[in-house]
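Asks: The structure under discussion is supplied below as structure tokens; questions concerning it will follow.
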Amino acid sequence: MKYQKLLFVIAAVVIALCISASSKESVTVVPVAKDGVQRVEIAGGSYFFKPNHIVVKVNIPVELKVSKESGLVPHDIVVKSPEAGIEFQESLSSTPKIIKFTPTKVGKYPIYCSKKAPFSKSHRAKGMEGVIEVVR
Ligand SMILES: [Cu+2]
């Protein structure tokens, strides 16, 4: 009986760990500054973007400050959604870069790193992806 209870507790802990690991989403709702620009920072590293889900308003300019967390592995940040006015590809370094765009269409657009080491999965497949969500 005791043994069964212990098994149940272990199963519950394992399930909780799995759920927390699979939902590593960090949502940032970007505020509009007084000058009418939505500013947000995104850091990339092995193998993540932080935050990995940003929410911005349509038809208001965005300034994305991107940088790389420490490490020797090269990373970049790519969005290819010209239909929404969001299209860029920048390599990441410890010195921040500013990317400017104005989203023109409501929707969810993928952010990812295009790097891939030989004989290895792409960084995107390893978790270097995120979402720009454009709302009204
Ligand atoms: Cu990468």
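Asks: Mind giving me the FRET efficiency for residue 94 and residue 136? R0 is 25 Å, r the Cβ-Cβ distance, nearest 0.05 is fine.
Replies: Result of the calculation: an efficiency of 0.10.
Asks: With a 1.4 Å probe and every protein chain left in place, work out the accessible area per residue of segment 26-135 in Å², rounded to a whole number.
Replies: Values: 5790 Å² over 110 residues.
I get 53 Å² per residue for segment 26-135.
Asks: Just to confirm my numbers, what's the Cα centroid distance between segment 33-61 and segment 80-136 in Å?
Replies: 11
Asks: Within segment 32-136, list the chymotrypsin sites (Phe, Trp or Tyr not before Pro) lying in a DSSP loop whose Cβ has at most 11 other Cβ atoms in a 10 Å radius. Show your work: numbers first, answer last.
Replies: On the way: sites: 47, 48, 49, 88, 101, 112, 119; in loops: 47, 119.
Sites meeting the loop and neighbour criteria: 119.
Asks: Next question, about the same structure. Could you list, in their original order, any pairs among 57/115; 68/116; 34/68; 24/97; 50/100; 24/50 whose Cα atoms are separated by more than 21 Å? Let's see the in-between values first.
Replies: Values: 57/115 29 Å; 68/116 16 Å; 34/68 28 Å; 24/97 25 Å; 50/100 18 Å; 24/50 10 Å.
Too far apart for the 21 Å limit: 57/115; 34/68; 24/97.
Asks: Sticking with this one: Measuring from label point to label point, each 7 Å out along Cα→Cβ, what is the residue 121 to residue 35 span in nm?
Replies: 4.1
Asks: Determine the share of segment 26-135's accessible area contributed by carbon and sulfur atoms, expressed in whole percent, with a 1.4 angstrom probe.
Replies: On the way: 3220 of 5790 Å².
Here carbon and sulfur together make up 56 percent of the probe-accessible area.
The values are calculated or read from the model by the stated rules, or taken from the named source; none is laboratory data. All of these numbers come straight from a predicted model, not from anything done at the bench. Ideal geometry is used to build each Cβ from the backbone, glycine not excepted, and the neighbour counts take in all protein chains shown. With ligands, DNA and RNA removed, areas are computed over all heavy atoms of the protein, side chains included. Shrake-Rupley method; radii C 1.70, N 1.55, O 1.52, S 1.80 Å.
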